[in-house]
1. Which one of the conditions (1) touching a helix residue (DSSP H, G or I) at 6+ places or on another chain (Cβ under 8 Å); (2) exposed (fewer than 14 other Cβ atoms within 10 Å of the Cβ); (3) on the phi > 0 side of the Ramachandran plot does LEU355 fail to meet, given that it meets all the rest?
2. What number of residues within region 45-62 are surrounded by 24 or more Cβ atoms within 10 Å (Cβ to Cβ) and charged (D, E, K, R)?
3. Looking only at residues that are among the charged types (D, E, K, R) and closer than 27 Å to LYS133 by Cβ in region 172-207, which one is farthest from the ligand (Cβ to nearest atom)?
4. When only residues in region 174-205 that are of a type in the set (Lys, Arg) and either touching a helix residue (DSSP H, G or I) at 6+ places or on another chain (Cβ under 8 Å) or buried (at least 20 other Cβ atoms within 10 Å of the Cβ) (or both) count, which is nearest to GLN253 (Cα to Cα)?
5. Among the residues of region 63-81, write down those that are on the phi > 0 side of the Ramachandran plot and buried (at least 20 other Cβ atoms within 10 Å of the Cβ).
6. With the structure loaded, tell me whether THR365 is surrounded by 20 or more Cβ atoms within 10 Å (Cβ to Cβ), of a type in the set (Val, Ile, Thr) and under 30 Å from GLY236 (Cβ atoms) or whether it fails that test.
7. Do you know which of the residues in region 175-194 that are without any contact (Cβ under 8 Å) to a residue 40 or more places away in the chain and more than 21 Å from the chain's Cα centre (by Cα) is farthest from HIS256 (Cα to Cα)?
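The values are calculated or read from the model by the stated rules, or taken from the named source; none is laboratory data. Quantities reported herein were computed from a predicted structural model and do not represent experimental measurements. FYI the Cβ positions are ideal-geometry reconstructions off the backbone, even for glycines, and counts take in every protein chain you see.
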Amino acid sequence: SKILKISPKWNHFSTKVEYKPIRSVLVANRGEIAVRVFRACNELGIKSVAIYSKEDRAHIHRLKADESYLVGEGLPPVQAYLNIPEIIKICKDNGIDAVHPGYGFLSERSDFAQAVIDAGLRFIGPSPEVVRKMGDKVAAREAAIAAGVPIVPGTDGPITTKEEAKEFCVKHGLPVIFKAAYGGGGRGMRVVRNMDEVEENFQRASSEALSAFGNGAMFIEKFIERPRHIEVQLLGDKAGNVVHLYERDCSVQRRHQKVVEMAPAPHLPVKVRDQMTDLAVKLARHVDYENAGTVEFLCDEKGNFYFIEVNARLQVEHTVTEEITGIDLVQSQIRVAEGMTLPELGIVQDKIKPLGFAIQCRVTTEDPAKNFQPDTGRIEVFRSGEGMGIRLDGASAFAGAIISPYYDSLLVKVISHSKDLQSACAKMNRALREFRVRGVKTNIPFLLNVLENQKFLNGSVDTYFIDENPQLFN
Ligand code: ADP
């Protein structure tokens with residue numbers, strides 16, 4: 001059919017987009033998120049294709065796809081999944097239509113999105129230009145400002161010297177947070193509360209960033225005290241329609257990494273939610289955002305909120321949004337990439353009504369008694385919690401699975417959905433107690449402590465929660 005090119009900016013409700021079905025999807029990822037995407041493909045009647053490293057040759061994600069291909073022979077385990085030319089070649093050689101990047105790995109690499117498109121394939125995600133812009137902290141902040149979204153005061157760009165760091169701190173006051181300009185995943189961050197410690201901490205943080213991310217450039221932001229991490233899920237199509245699917249609260253973090261996520265955010269004033277979701281949609285429209293994405297905010301005790309970043313990809317915690325909205329985000333991603341519009345998918349803002357409350361616990365193979373050291377080995381016994389309102393998203397959660405040391409330690413995501421926070425907690429608590437895992441240690445005892453904590457049950461936790469409650473580790 002003929003392509004009708006319409007500028008999305010001026011046609012939010014246009015339905016004139018070329019529709020081109022996707023018949024096969026390669027997932028450039030592994031583990032639970034690869035399986036999550038295969039399941040969506042399967043339900044849509046689309047062929048699913050896996051790639052796997054040599055370390056993952058016996059991994060279940062390979063067997064859950066209709067086809068699978070070895071990648072990165074001779075490369076280290078993580079590098080294998082980052083080998084763009086080889087992944088593209090597999091797609092071309094095997095007539096694959098589209099690529100889903102999952103999260104992590106190549107998901108935020110605009111050069112990957114571009115390479116997929118240049119090879120004549122569909123990228124199931126935003127345009128390479130948007131991936132690039134949102135991955136660049138400076139460009140993302142500029143876009144937020146232009147769309148009228150409040151941002152955390154911070155340096156205008158990456159800085160490299162302790163003198164610049166000092167200057168910022170003197171001008172804006174303490175506390176501040178140092179962030180690796182080219183880092184992510186909560187790593188490489190450092191909070192500074194004392195002027196005497198600015199320079200030394202900067203040097204240290206910068207050299208850590210250099211060794212972890214290959215670049216010592218840093219950003220400095222004002223540190224928001226006792227923030228809640230609240231993020232808005234977005235979905236956009238090729239016609240310029242953008243909707244939000246309400247918010248998630250991801251304040252339960254260990255070392256700035258999310259552990260328990262929920263939707264909607266407990267006790268969030270309606271006015272704040274409306275502003276947040278409205279601004280997130282404005283930001284998405286401003287950059288012609290297409291496909292799924294998340295705008296992350298930090299919210300202070302007074303209800304002020306500040307943009308921190310956009311994740312131009314599917315997130316680990318997308319499940320809780322699916323539970324409360326009933327919308328399959330991965331299927332929607334694929335449909336939008338085919339050229340279907342949100343109204344054609346029945347996804348219009350007024351009809352998206354959150355129902356009840358959902359919680360996700362990330363069950364990892366980490367030993368809480370040993371400072372969350374990753375545990376590896378063969379799972380000897382595995383029984384999971386189940387029953388009404390419980391969803392499990394995993395890949396290697398079964399007896400006989402080998403937990404290798406090469407990749408992240410996420411074993412299974414347990415999601416509970418019920419009418420409110422308390423009953424979703426009760427359901428999660430009950431389900432986690434039904435688990436029996438022998439052979440590797442898990443963080444389930446820690447998660448149960450969280451679920452029984454009164455503050456958590458009241459829905460009043462902020463990002464300090466885990467640090468302030470060391471008894472959770474017992
Ligand atoms: P990453 O990209 O590494 O995940 P983010 O910028 O999303 O990093 O931040 C991760 C977490 O770090 C946030 O959820 C929050 O808990 C903490 N954080 C980041 N920036 C600030 C800030 N300016 N003030 C307070 N906490 C922050």
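1. Here LEU355 meets the rest and fails (3).
2. 1
3. Initially, region 172-207 is screened for residues among the charged types (D, E, K, R), giving 179, 187, 190, 193, 196-197, 199-200, 204.
Among the residues that remain, those that are also closer than 27 Å to LYS133 by Cβ are: 179, 187, 190.
Numbers: LYS179: 6, ARG187: 6, ARG190: 11 Å.
Applying the filter and picking the extreme gives ARG190.
4. Filtering region 174-205 for residues that are of a type in the set (Lys, Arg) and either touching a helix residue (DSSP H, G or I) at 6+ places or on another chain (Cβ under 8 Å) or buried (at least 20 other Cβ atoms within 10 Å of the Cβ) (or both), the one nearest to GLN253 (Cα to Cα) comes out as ARG187.
5. First, the residues of region 63-81 that are on the phi > 0 side of the Ramachandran plot: 72, 74.
Listed by number, the list holds a single entry, GLY72.
6. Values: surrounded by 20 or more Cβ atoms within 10 Å (Cβ to Cβ): yes; of a type in the set (Val, Ile, Thr): yes; under 30 Å from GLY236 (Cβ atoms): no.
Taking the combined requirement at face value, the residue does not satisfy it.
7. ASN194
For (1) closer than 25 Å to GLN79 by Cβ; (2) in contact with a strand residue (DSSP E or B) (Cβ under 7 Å, 6 or more places away or on another chain); (3) of a type in the set (S, T, N, Q); (4) part of a helix (DSSP H, G or I), each residue gets a yes or a no:
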{"residue": "ILE117", "(1), (2), (3), (4)": "yes, yes, no, yes"}
{"residue": "GLY125", "(1), (2), (3), (4)": "yes, yes, no, no"}
{"residue": "ARG132", "(1), (2), (3), (4)": "yes, no, no, yes"}
{"residue": "ALA143", "(1), (2), (3), (4)": "no, no, no, yes"}
